[in-house]
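Trainee: Structure incoming, see below.
The values are calculated or read from the model by the stated rules, or taken from the named source; none is laboratory data. A quick note: this is a predicted structure, and the numbers were derived from the prediction, not measured. In this analysis, Cβ positions are derived from the backbone assuming ideal geometry, glycine residues included, and neighbour counts consider all displayed protein chains.
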Amino acid sequence: MEQYIIKGGNPLNGEVTIGGAKNAALGILAAAIMADDVVTIENLPNVRDINVLLQAIEAIGATVDRVSDNEVKINGSTIGCLNINYEFIRKIRASYYLLGALLGKCGKASVALPGGCAIGSRPIDQHIKGFEALGAKVTIDHGTISTSADKLIGNHIYLDVVSVGATINIMMAAARAEGKTILENAAKEPHIVDVANFLNSMGADIKGAGTDIIRIQGVSKFKKTTYSIIPDQIEAGTFMIAAAATKGNILVKNVIPKHLEAISAKLIEIGATVEEYDDAVRVIADKRLGSTQIKTLPYPGFPTDMQPQTAMLLALSNGNSMVIESIFENRFKYVDELNRMGANIKVEGNVAIIEGIEQFSGAEVSAPDLRAGAALVVAGLAGDGITTVDQIHYIQRGYENFEGKLQALGGLIERVDVEDEKSINKFKLRVG
Ligand code: EPZ
């Protein structure tokens, strides 16, 4: 099993280029199979979740040509709607977007229930509500969710909960329904807009994505397209926090600054310098930063996917801070790990009370999930001494070449096998 080994204390300085947005790419890859023609996706993040979904898409019969790490051509015309082999996609989680895509394309779908994960229960009742409103039948049996419809008919759907996944899944199915669908209380994240723009580039008729009311006029066919995925808001935010936590100076390139406003505003509020350019932001911190309050909210509020990284930063602040996690019910599992590094954080329900300390001390910690894993790596880089982070497969789900990008910024970090004493000692000798 692999781990990161880190020697803290170096400020991170230099430039980093952000990759394509994982959470846009997952919806876009699923939607790509709905065209019976070649669809080219560029700026694809080369991360585990994406590679697993591409395996699933190939397993159900689509033609997948991985042109490069960051470009793929998909042709859904080779999917035989009448005899799809659901075996593989009943086993993996990254496939629930195939529900909406296959329902829209073939009038039926059957995928693994996402089940719970490290941050919460991840229900899909709103996805089901949307599919049933469009005239589909939905059954759940032995951990598999199946849906089918003779014909999808547009409808007026009101989401009880603002859900990114439900918005994307329902948008895909409605894009091929007969007539008009109005989706109210829709999620407004940048990746929703990206999936809608992608569907429209294939000939869909979707208006209002990015607002809480999305209007969809169903069409009968999608055509070939070439589409480039937007930059990853959360990868960018993670490197912005890394600059602040290590008292460094990083130019984060290939971003859409508007998508980062909630993060930039908080960094400025606690005393960091944030300079915005057309497609880049620079973050500079040369002193210990101040404290603040954070409440995670649907976009454009503060992103829940930036909560662990920001709480880690506030754990180093000069003062007391509070973080309220309003989206997921179990997203503070990393606090025990940070407290092993000397942090002083108490969690009461969905609130973390943080008393700032001067510096983390290196320790052996374990990544509980994707974003918390990234936060622990940055804590090691900001800390004093050696830190090891294991369970890094979580981090590799959503960060492409994470250690390579951090090394290029002066971070002393290596990916080693936990059993490989020789490499671990070599690293310790090298970093002194
Ligand atoms: C997406 O998850 C992202 N994942 C998550 O990112 C992100 O944290 C989340 O949106 C919120 O922004 C992907 O895009 C693959 P939701 P999703 O449906 O769609 C409740 C990461 O780190 N809910 O917006 O599953 C749910 O319990 C990951 O990249 C229902 O009650 O999130 C949660 O409390 C982690 N019923 C809230 O809504 C439903 O049918 C928001 O969930 C669906 C959701």
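Trainee: Only one residue in A265, A272, A285 is of a type in the set (A, V, I, L, M, F, W, C), under 21 Å from H191 (Cβ atoms) and modelled with pLDDT of 95 or more, so which one is that?
Mentor: None of the others qualify; the one that does is A265.
Trainee: Can you confirm whether V347 is at pLDDT 95 or above and assigned to a strand (DSSP E or B)?
Mentor: So V347 fits the description; yes.
Trainee: Further question on the same structure: For I353, only one of the following conditions fails: (1) within 14 Å of the ligand (Cβ to nearest atom); (2) part of a strand (DSSP E or B). What is its number?
Mentor: (1)
Per-residue answers, yes or no, for (1) farther than 27 Å from L44 by Cα; (2) within 16 Å of the ligand (Cβ to nearest atom); (3) of a type in the set (A, V, I, L, M, F, W, C):
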residue	(1), (2), (3)
A173	no, yes, yes
E178	yes, no, no
I192	no, yes, yes
K223	no, no, no
F239	no, yes, yes
A244	yes, no, yes
K247	yes, no, no
L260	no, yes, yes
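Trainee: Of the residues S110, S163, S121, only one is at pLDDT below 95 and crowded, with 18+ Cβ neighbours inside 10 Å; which?
Mentor: Being at pLDDT below 95 and crowded, with 18+ Cβ neighbours inside 10 Å holds for just one of S110, S163, S121, which is S110.
Trainee: Is there any pair with a first residue in segment 40-54 that is polar (S, T, N, Q) and a second that is in a strand (DSSP E or B) and surrounded by fewer than 19 Cβ atoms within 10 Å (Cβ to Cβ) whose Cβ atoms are under 6 Å apart and which are 6 or more apart or on different chains, and what are they?
Mentor: Final answer for the pair search is T40/K73; T40/T226; N43/S228.
Trainee: So the check is Cβ under 8 Å with 6+ separation or different chains; which pairs have a first residue in segment 109-134 that's in contact (Cβ under 8 Å) with a residue 24 or more places away in the chain and under 21 Å from I33 (Cα atoms) and a second one that's part of a helix (DSSP H, G or I) and within 9 Å of the ligand (Cβ to nearest atom)?
Mentor: Within 8 Å, the pairs are H127/G165; H127/A166; H127/N169; G130/A166; G130/N169; F131/N169.
Trainee: Look at segment 181-219 and say how many of its residues are acidic (D, E) and over 23 Å from E235 (Cβ atoms).
Mentor: 3
Trainee: If you check Q359 against the conditions, is it on the phi > 0 side of the Ramachandran plot and touching a residue at least 24 places away in the same chain (Cβ under 8 Å)?
Mentor: No.
Trainee: Next up: Is it the case that Y277 is more than 29 Å from V347 (Cα to Cα), aromatic (F, W, Y) and either buried (at least 21 other Cβ atoms within 10 Å of the Cβ) or modelled with pLDDT of 95 or more (or both)?
Mentor: Yes; evaluated as a whole, the condition is true for this residue.
Trainee: Just checking, which of P308, P300 is of a type outside the set (A, V, I, L, M, F, W, C), part of a loop (DSSP other than H, G, I, E, B), within 16 Å of the ligand (Cβ to nearest atom) and out of contact with any Gly (no Cβ under 6 Å at 6 or more places or on another chain)?
Mentor: Every option except P300 fails the conditions.
Trainee: Assess whether N83 counts as being polar (S, T, N, Q) and crowded, with 19+ Cβ neighbours inside 10 Å.
Mentor: No: the conditions fail for N83.
Quick grid of which residues meet (1) part of a helix (DSSP H, G or I); (2) within 21 Å of A112 (Cβ to Cβ):
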| site | (1), (2) |
| --- | --- |
| V138 | no, yes |
| T147 | no, yes |
| V161 | no, no |
| G165 | yes, yes |
| I168 | yes, yes |
| A173 | yes, yes |
| A187 | no, no |
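Trainee: Quick check on my filter: what residues within segment 18-43 are assigned to a loop (DSSP other than H, G, I, E, B) and either in contact with a Phe, Trp or Tyr (Cβ under 6 Å, 6 or more places away or on another chain) or small (G, A, S) (or both)?
Mentor: Once the filter is applied, which keeps residues that are assigned to a loop (DSSP other than H, G, I, E, B) and either in contact with a Phe, Trp or Tyr (Cβ under 6 Å, 6 or more places away or on another chain) or small (G, A, S) (or both), segment 18-43 yields G19, A21, M34, A35.
Trainee: In the list I33, I28, I60, which residue meets the criterion of being modelled with pLDDT under 95 and either under 25 Å from E235 (Cα atoms) or more than 16 Å from the ligand (Cβ to nearest atom) (or both)?
Mentor: I60
Trainee: Could you list, in sequence order, the residues of segment 119-157 that are hydrophobic (A, V, I, L, M, F, W, C) and within 16 Å of the ligand (Cβ to nearest atom)?
Mentor: Within segment 119-157, I119, I124, I128, F131, A133, L134, A136, V138, I140, I145, I157 qualify.
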